[in-house]
Structure formats: C-alpha cells, structure tokens
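A short worksheet on the structure shown next.
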Ligand code: GLC
Ligand code: CA
C-alpha cells in the first residue's frame, strides 16, 4: 500500500496575510497564494497548512473565528478557497486548514444567540483565573461571566454540550467535502474545558477520536495534525491514541531545543513513538521567534545545519514560510506592533524581491537582503539548499 501523501510531503506553513498580496491593499490573500503556486511547486512542497482564513475581528489574527464556513473578506471568498484547493491539487499540493475548536470570536453569531447560551462556559459569579495573554480569564457580559483561556474576545466553547460537537462535526465535513486534505487543530491538547474552565484531557481525547472517525470516512482519509503544546514527550505520545486520534502531534520539545540538542530530542521522540505513529518536525511557526534568530544567532552555517536536520529526519518536516530563505526575526518597531502577544516579528511579509514586492504591507518588511528573487538565482543560497534537500527526500520516500 502506498504511504499517504502527508508521509511523503514536506509541508509548508503559510501565513496568508503575509504571504502574497494580489490586489495591493497590503494584506496577503488567497489569490496571492494561487499566484505563487509556481514558487511552491518549484520548492517541492507537497502540502500547505494555512493559518486561519475565516472572517474574524482579528483580536488574535484569525484565531478568533466569527464564521467557520466562510473566508475573511480581506483574504478572499469561498470561491477563491475552492480555486486555491483545485489549483494546488493540480500541482500535487494538498491544502490543510487551521481548525480553532477551543474558542470562537465573541462576534461569532453563536455567542449572542440566547438559544446557544449553553455553547459557552458561563458563571453567575466572578471567578479567579489568568488568561494566556495576561489579565483575567473570566469576563463579565450582561451580569454573568464567561470563561476565556485566551483573549476576552475569544470565549471558550463548552465541549460538554453535544450540540457543540455536532456543530464542529459539520464544520469538519464542510471543508473535507470541499477538498481540504486535513486540519491543523489549534490548542489540541487542552481545548476541552469543564464548567470552571479546567482542562478535561479525557474528553479532549474523546473528541479527537470522534474527528478521526470522520477523517477516516473520506477517500483518501483526511489528516489531523495537532498543535500539542506539551513539554513532555511521553505526554505528547498520548495524542496519537491507539492509532485512532491525531495522525501527527507537533513536537514543541524539538522546536524549542538548541541546535546541539535537536538530534537527541529527535532520537528520544523516535524511542517513545507508539508503534506505527508518524513524527512531525518544525523549527519555527507563527507564535515563536524564527529559528535562525532563536537557535542559530543568525549564523548562516548554523541555519544550514538546522535545515539539514529538519529535512533529513524520518517523518513530516514543516517549513514555516520564510524558513526556506533563512529569514530572521524582524525587529518590529513598537508603533507597528499589532499582536496582543507581540508575535509580529515572525509574521512579517515574505520579501519576494530586494524591494520587497509589497505595497505598504500591514506589517513592516524588515531586512530584504534575503528575498526569493535573489536567493532563487543564487545556486549557493539557503533557498536552493532547501530545494535540494526536499528533492533528495523525495527519492527516499
Ligand atoms: C494557538 C495559535 C496562536 C493563538 C492561540 C489562541 O496557540 O497558534 O496563534 O494565539 O492558539 O487561539
Ligand atoms: Ca490583498
């Protein structure tokens, strides 16, 4: 039996607002992604994971979803999403979307619908607790308090309610039916909370198993990739279940290791992986300082070493957009910071040319000496190294 696409592919994490802008409004969009499929095909990636593309007030840049079954107008339309899926598939590239099940936007119609009060976590009295972004995790609205693990504009969803489960089952099917190859599941280690906001791991696993059954109904089966932000590798392994939960669980101990430790963490991971389970590796993402800055002090020789490790391990490597250029963290000036947790420096636009290739982008570009055009034409560039490493993998998988 041939292995599934996600075991053969290198996956590219694409942050849509900062990838490619087709209409010059300064915000990357889905048509911009279609315009750049040539580049992604040339690079050799087999899957794109797109950060959230849905309508959102952007209190947490798309992770506060106001409608799971539509596209943010700044990024395009549902028809653009369909066109992207089709155009990518024609080039042998699969599309993976981000699924945010832990919370919606407070501007999601569910939240103001009185008949759906039981879809969120409410308390009649103020409760103690601190949110991940700082500040209280309970916020008052019309005389009652709702729980939010993150921003006050991200009320947590009540997973103890079966109607919520049904609603998300429909969301999964909505996108799977459109040809989406899978989901990266946000906060997949603790999105299920009880009435007091406490994590319910047992039920988290239960929901993951029910989604795996849905993913397996499809031909080919859809893939579930978890943002399992846990620091203990043994605990990480529990999210593979008995081969009936996540297909791949993101490995944060690997991502946060030093360059010198990467090999050892990879070996420990392999030793702990359950029979038949498939590892996934990433060095950067949209929440952390870019690896060339964090792990390599900007030293290009070290950047090359890290990329060689990432792209030669057994498993699925994920490149965060810009990793292929050796892009460093950008020092975003304080007056240009847009994110509540100031993660902007890893979310700046991709420099396509020395002058950037953007018209007034929503975040500043930073240093454009590493850019696609120049690196593409330089056989000795980091970009061409990454392309060669990807090509070399494809002869082994
Ligand atoms: C995940 C996302 C992050 C977001 C958070 C809350 O960690 O990767 O960007 O802020 O969830 O949704
Ligand atoms: Ca645009």
Inset, instruction - Could you figure out which of (1) crowded, with 19+ Cβ neighbours inside 10 Å; (2) more than 27 Å from residue 223 (Cβ to Cβ) isn't true of residue 290? - result: (2)
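Does residue 132 qualify as being more than 18 Å from residue 53 (Cα to Cα), surrounded by fewer than 20 Cβ atoms within 10 Å (Cβ to Cβ) and under 20 Å from the mean Cα position of the chain (by Cα)? If you could, list the steps in order and put the result at the bottom.
Numbers: more than 18 Å from residue 53 (Cα to Cα): yes; surrounded by fewer than 20 Cβ atoms within 10 Å (Cβ to Cβ): yes; under 20 Å from the mean Cα position of the chain (by Cα): yes.
Criteria met by residue 132.
Collect the residues in the range 300-327 that are at positive phi and surrounded by 23 or more Cβ atoms within 10 Å (Cβ to Cβ), keeping them in residue-number order. I'd like the intermediate steps shown before the answer.
Filtering the range 300-327 for residues at positive phi gives 315, 322, 326.
Selection gives 322, 326.
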Inset, instruction - Mind listing whichever residues of the range 20-54 are crowded, with 16+ Cβ neighbours inside 10 Å, assigned to a loop (DSSP other than H, G, I, E, B) and either within 16 Å of ligand 1 (Cβ to nearest atom) or on the phi > 0 side of the Ramachandran plot (or both)? - result: 44, 51, 52, 53, 54
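Report whether or not residue 172 is under 20 Å from residue 187 (Cβ atoms), out of contact with any strand residue (DSSP E or B) (no Cβ under 6 Å at 6 or more places or on another chain) and in a helix (DSSP H, G or I). Talk me through it step by step, then tell me what you get.
Numbers: under 20 Å from residue 187 (Cβ atoms): yes; out of contact with any strand residue (DSSP E or B) (no Cβ under 6 Å at 6 or more places or on another chain): yes; in a helix (DSSP H, G or I): yes.
Criteria met by residue 172.
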Legend entry - Cross-chain or 6+ apart pairs with Cβ under 9 Å, the range 19-35 first and without any contact (Cβ under 8 Å) to a residue 40 or more places away in the chain, then in a loop (DSSP other than H, G, I, E, B) and surrounded by fewer than 21 Cβ atoms within 10 Å (Cβ to Cβ): 32/22; 32/23; 35/22
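State whether the residues of the range 96-109 include one that is closer than 17 Å to residue 37 by Cα and either buried (at least 16 other Cβ atoms within 10 Å of the Cβ) or within 16 Å of ligand 1 (Cβ to nearest atom) (or both). Steps first, answer last, please.
Narrowing the range 96-109 to residues closer than 17 Å to residue 37 by Cα: 96-97.
Of the ones still in play, those that are also either buried (at least 16 other Cβ atoms within 10 Å of the Cβ) or within 16 Å of ligand 1 (Cβ to nearest atom) (or both) are 96-97.
Among the residues of the range 96-109, at least one is closer than 17 Å to residue 37 by Cα and either buried (at least 16 other Cβ atoms within 10 Å of the Cβ) or within 16 Å of ligand 1 (Cβ to nearest atom) (or both), which makes the answer yes.
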Legend entry - Restricting the range 209-235 to residues that are within 22 Å of residue 51 (Cβ to Cβ) and out of contact with any helix residue (DSSP H, G or I) (no Cβ under 7 Å at 6 or more places or on another chain), the residue that is farthest from ligand 1 (Cβ to nearest atom): 215
Legend entry - Given (1) under 30 Å from residue 32 (Cα atoms); (2) touching a residue at least 60 places away in the same chain (Cβ under 8 Å); (3) surrounded by fewer than 21 Cβ atoms within 10 Å (Cβ to Cβ), number of the condition residue 78 does not satisfy: (2)
Legend entry - Qualifying positions in the range 180-216 - closer than 25 Å to residue 286 by Cα and in a loop (DSSP other than H, G, I, E, B): 180, 181, 186, 187, 188, 189, 190, 191, 192
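Can you pull out every residue in the range 342-366 that is loosely packed, with under 12 Cβ neighbours inside 10 Å and touching a residue at least 24 places away in the same chain (Cβ under 8 Å)? If you could, list the steps in order and put the result at the bottom.
Step one: list which residues in the range 342-366 are loosely packed, with under 12 Cβ neighbours inside 10 Å, which gives 342, 355, 359-360.
Result: 359, 360.
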Inset, instruction - Select, from 9, 66, 2, the only residue that is more than 21 Å from residue 346 (Cα to Cα), surrounded by 23 or more Cβ atoms within 10 Å (Cβ to Cβ) and away from ligand 2 (no atom under 11 Å from the Cβ). - result: 9
Inset, instruction - Would you tally the residues in the range 208-229 being within 14 Å of residue 243 (Cα to Cα) and touching a residue at least 60 places away in the same chain (Cβ under 8 Å)? - result: 3
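State yes or no: is residue 177 more than 20 Å from residue 7 (Cβ to Cβ), more than 16 Å from ligand 1 (Cβ to nearest atom) and surrounded by fewer than 20 Cβ atoms within 10 Å (Cβ to Cβ)?
Here the answer is yes, as residue 177 does meet what is asked.
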Inset, instruction - Just need a number here: residues in the range 2-11 that are touching a residue at least 24 places away in the same chain (Cβ under 8 Å) and either within 24 Å of residue 359 (Cβ to Cβ) or part of a loop (DSSP other than H, G, I, E, B) (or both). - result: 4
Inset, instruction - Provide a single number: the residues in the range 18-51 that are closer than 24 Å to residue 280 by Cβ and either out of contact with any strand residue (DSSP E or B) (no Cβ under 6 Å at 6 or more places or on another chain) or more than 16 Å from ligand 2 (Cβ to nearest atom) (or both). - result: 16
Inset, instruction - Determine whether residue 277 is under 17 Å from residue 382 (Cβ atoms) and buried (at least 17 other Cβ atoms within 10 Å of the Cβ). - result: no
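Coordinate-derived values only; no laboratory data. Please read these numbers as outputs of a predicted model, since none were measured by experiment. Backbone-built Cβ (ideal geometry, glycine too); neighbour counts: all protein chains shown.
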